[in-house]
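Have a look at the structure below, then the notes.
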Amino acid sequence: MKNKKIIILALVLLIIAGIVVVGLKGFNVDFMLKGHDSIEYKISDDFKISDVEDIAKSVFGEKKFKVRIIELFNDAVSINAENITTEEADNLVKKLDNKYKKVENPTDVEGENAESTETPESAETSDENTITETTSYEIISNPKIKIFSLLKPFIIPSIIAGIIIIIYVGFRYKKLKSINVILNLIGLIAISVLAILSVIAITRFPITIYVLPTIMLVVLSELILFCANQEKKLKNINED
Amino acid sequence: MKEDSALIKKLLVVTIIIFVITISIIGFVGIYTKNLNKMSNLIPDYNFSSEFEGVREYQFSLDNSESEKEMYIDKDGNISGEVKKDDSSTSSGVEVSVEGDANAETNNGTDIEGYTRETRTIKANEDSVLTLDSYKKSKSIIEKRLEDSKVEEYSIRLDEVTGNLVVELADNENAAFFENLIESQGEFKIIDSQTGLELMNNKHVDSASAVYDNSNGSYTVYLQIKFNKDGAKILNEMSEKYIEKEVEKKSEETTNTTENTNTTEVADGAEDTNTTESESDTSSEEPETEISYIEIQMDGTTLMKTYFGEDKLNGTISIPLSSNITESKDLVNSLKSASAISTLLNEGKLPNKYSLKNDDFLKSTIIDEDINNIKIAFAVAIITLSVALLMKFGLNGLIGAILNVGYLAIVSIAIRYTNVVITISSIITSVLIIALNFVFIYNFLSKLKNDKKASVNFSDTIKSLYITLVPILIVAIVYTFMSNATITGIGMILFWGLMVHILYSLIFVRSVYVLNDK
């Protein structure tokens, strides 16, 4: 009994702390779900995504970024980051050009035609005129995805399933005082969801597409454990 | 005799276990045969969602175009349609009745009574719709359109400052079709064909649906539009004005003009008629046929030019969109197109007009390495659980571990044959399925260890387990019938996990332990 009170107190404190953190700072939403900028860059040659990531890291430093391959033939990338400045974009495209842009009619001190597939490293070290102009680009503004829109598909089916479950629980555990059992079930699920969200908020764990199904898994597991517990109580009453 | 019976039982147990091991190999490895010099698996692949397969991303921006147009302006200053540039109408003097303005007249280029003609700059997006409320309403209508069209996977991002939209859809054969559904503004109009005056629009539509009719072995697909009370009233007025009628002309005319028009009588349903509209030589004072047409337009495209017959309309019109369809494939496609228009009508007109700015295929951020890591994590979990069973229950535990693996293999085969869409959510939910069978076998073996009566213990264990699982079964069934891929994925995994578990437990688990009972 004493342990139960301590657990309840701890959960209440945790939830209050979570509410405060959410109120002050909000959730740490993954930047890909938040409004962010992106630049698309076409690479004709085979490339490793890790190479593009290295270049992006050298430009963005500590800033969060994500490189995604676009187009079916793996010949273009989309580099996403929070608030890409023009300077960063220029720098990024210039570095990508150095790495991937094929050199057309490069100036050759030997008077021979250089290979058009000259690597960026060599382009950097050779005459600067080898890459005549930077690839044109556009900073694309990607609006945010509202967290509610991730939650929205779950709402109607969860309400329908919830109502049916409450009716079932009400009938099944009549002997255990249905109203109490239903309130306990709703309370348990509400508290556990709030507690998980509080932990996520306090630890600044990023909100990604994985969070919601994980909460769903916890709720389903709790539902099973709750029913197993009620079945035990029911069995004891029947045996008495 | 007893020894023979025991031997047969043992043989049966061994046979079942070998069968389960075989099923496990089939489930996790597959059955490979040579096909065109290549080894291919006879067991179908998993049906992964766009989270794994990549998405098509459409970037829509607000249409900034504008043009000078001559418009009809009503008494209140509202625009009531665009003046038809081609005023060579053959039916001058036709009476039209529009929204209470009865007896308005057209006179080849002159104003209609009650309306003035003004040249105005018409913007695709007027300043009044460049608001956050309009952007949000547009987004909401697009969401409803996609949901009506049973689009399983989509996400819409709205730039609340510019109004631009980024829509992600699963990259499949329907992607282009859905792109049109998003981009269409859904502006419905019925106009006077001669003048261009707007007679009805979206606000008069109650509902629309795609229907088809079969006659003489061929199908005709219709767009059936039901109008609201105001719309029905205007429709009735229109049905008296826009008809084929005979008029007698007293003045002598010498010009003979004949125009053949392919048209369809709305009230007569599918009947296509070739009508001859003529202004014949009236010197003989013979009555001439004169037809007043309406045009039914969607986003500026005329779906049909028609007039009304004598049938009662009851506030509904049926517009034939395609006829003489004999192939079922063509019928499906025509119904799909008609359904798309009905969806546009049902969900209403977008306040904003969008144009497609960019269209990219985005590869999934989940790479093969991640999928391999998921597989490894599952394998480690299954091996750990198997070792736990073996250590706790000895030989029975080993059999339990084999049966546990067999169960998971059958679930994996079931979800592939039933085409369950594998999403991140369904993968996370499948943890519950793995735990479910493990807990069942663990509880069953614990009871078996205590009193050794397999048949009784099996009944007790499975009964108590399924009473506990009723809420999960409810979730599984409700989620399965939803249209969203994430939700359906969770529901289907739970549903097949539970269904396979009941059958598998009764057939294999029970048989093995009851036969093995001493």
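Every read-out reported here was derived from the displayed coordinates using simple, explicitly stated rules and does not represent laboratory data. Treat the numbers as computed from the prediction; the structure is a model and nothing was measured. Cβ placement follows ideal geometry from the backbone for every residue including glycine, while neighbour counts extend to all protein chains displayed.
Here are a few things to note about the model shown:
- Modelled spin-label separation between A:Asp46 and B:Ile31, with each label point placed 7 Å from Cα along the Cα-to-Cβ direction: 3.7 nm.
- Cα gyration tensor, chain B - rounded (a/c under 1.5), prolate or oblate: prolate
- With the charge dipole of the stretch B:120-182 set up from +1 on Lys and Arg Cβ and -1 on Asp and Glu Cβ about the Cα centre, the Cα lying farthest toward the positive end among the listed residues B:Ala124, B:Leu181, B:Ile141 is that of B:Ala124.
- Modelled FRET efficiency - R0 22 Å, A:Asn238 with B:Lys449, Cβ distances, 0.05 increments: 0.30
- For B:Ile422, residues with placed amide H under 5 Å, excluding near neighbours: B:Asn47, B:Phe48, B:Ser49
- Quotient of the Cα radius of gyration of the protein assembly as shown and 2.2 N^0.38 Å, N being its number of residues: 1.27.
- Euclidean distance of C-alpha centroids, the stretch A:211-236 and the stretch B:193-229, integer Å: 52
- Alpha carbon centroid spacing (whole Å) that separates the stretch A:1-79 from the stretch B:297-370: 38
- Across the stretch A:6-25, the residues whose backbone nitrogen lies under 13 Å from the label position 7 Å along the beta-carbon direction of A:Arg204 are A:25.
- Selected from B:Ser337, B:Ser65, B:Ser446, residue furthest toward positive end of dipole (chain B; charges at beta carbon): B:Ser446
- Counting only Cβ charges, +1 for Lys and Arg and -1 for Asp and Glu, the dipole size of chain B around its Cα centre is about 6260 debye.
- Under a 5 Å amide H cut-off, with hydrogens placed 1.01 Å from N, B:Leu362 pairs with A:Glu71, B:Val55, B:Arg56, B:Glu57 among residues at least 5 apart or on other chains.
- Between the amide H of B:Ile122 and those of B:Ser67, B:Glu68, B:Lys69, distances stay under 5 Å, these residues lying 5 or more places away or on another chain, with hydrogens modeled in the peptide plane.
- The label-point distance for B:Glu70 and B:Ile374, in a model that sets each label 7 Å from Cα toward Cβ, rounds to 6.3 nm.
- Simple Cβ-charge dipole of chain A, Lys/Arg +1 and Asp/Glu -1, about Cα centre, in debye nearest 20: 3720
- Spin-label model, B:Leu395 to B:Ser323: label points 7 Å out along the Cα-to-beta-carbon direction sit 8.0 nm apart.
- Here the contact order of chain B, divided by its residue count and restricted to Cα pairs under 8 Å and six or more residues apart, works out to 20 percent.
- Placing unit charges on the Cβ atoms only, positive for Lys and Arg and negative for Asp and Glu, gives the protein assembly as shown a dipole magnitude near 8740 debye about its Cα centre.
- Degrees, to the nearest 10: A:49-60 long Cα axis against longest axis of chain A: 90
- Phi-derived couplings, Karplus 6.51 cos²θ - 1.76 cosθ + 1.60 at θ = phi - 60°, listed residue by residue for the stretch A:208-218: 10, 5, 7, 5, 4, x, 5, 4, 4, 4, 5 Hz, with x used for Gly and Pro.
- Straight-distance crosslink candidates among lysines, where the alpha carbon sits under 24 Å from A:Lys25 and sequence neighbours closer than 8 are dropped: A:Lys34, A:Lys63, A:Lys64, A:Lys66, A:Lys144, A:Lys146, A:Lys152
- Options A:Leu185, A:Ile155, A:Ser198, ranked by Cα towards positive dipole end of chain A, top entry (Cβ charges): A:Leu185
- Note that the stretch A:4-18 has calculated 3J(HN,Hα) couplings of 4, 5, 5, 4, 4, 4, 4, 5, 4, 4, 4, 5, 4, 4, x Hz, one per residue in order, obtained from phi through the Karplus relation 6.51 cos²θ - 1.76 cosθ + 1.60 (θ = phi - 60°); glycine and proline are x.
- R0 of 30 Å, Cβ-Cβ distance B:Ile43-B:Val14: FRET efficiency to nearest 0.05: 0.75
- B:Val439-B:Lys137 FRET efficiency (beta carbon distance; Förster radius 35 Å; 0.05 resolution): 0.10
- The lysines within cross-link reach of B:Lys226, meaning a Cα-to-Cα straight distance under 21 Å and a gap of 8 or more places when in the same chain, are B:Lys144, B:Lys189, B:Lys203, B:Lys241, B:Lys305, B:Lys312, B:Lys336, B:Lys349.
- Between the C-alpha center of the stretch A:147-180 and that of the stretch B:113-170 there is a gap of 36 Å.
- Couplings for the stretch A:152-166, taken from phi via the Karplus curve 6.51 cos²θ - 1.76 cosθ + 1.60 with θ = phi - 60°, read 3, x, 7, 5, 4, x, 5, 5, 4, 4, x, 5, 5, 5, 4 Hz in order; Gly and Pro are left as x.
- By the rule of a C-alpha distance below 25 Å, with chain neighbours fewer than 8 residues away ignored, the lysines paired with A:Lys235 are A:Lys4, A:Lys174, A:Lys175, A:Lys177, B:Lys447, B:Lys449, B:Lys452, B:Lys453, B:Lys463.
- Paramagnetic reach from B:Lys229 (point 7 Å along Cα→Cβ, amide N under 12 Å) across the stretch B:331-367: none
- The stretch B:1-52 shape via C-alpha gyration tensor axes, a/c threshold 1.5: oblate
- Nearest-ten-degree value, helix B:132-148 long axis tilted from longest Cα axis of chain B: 60
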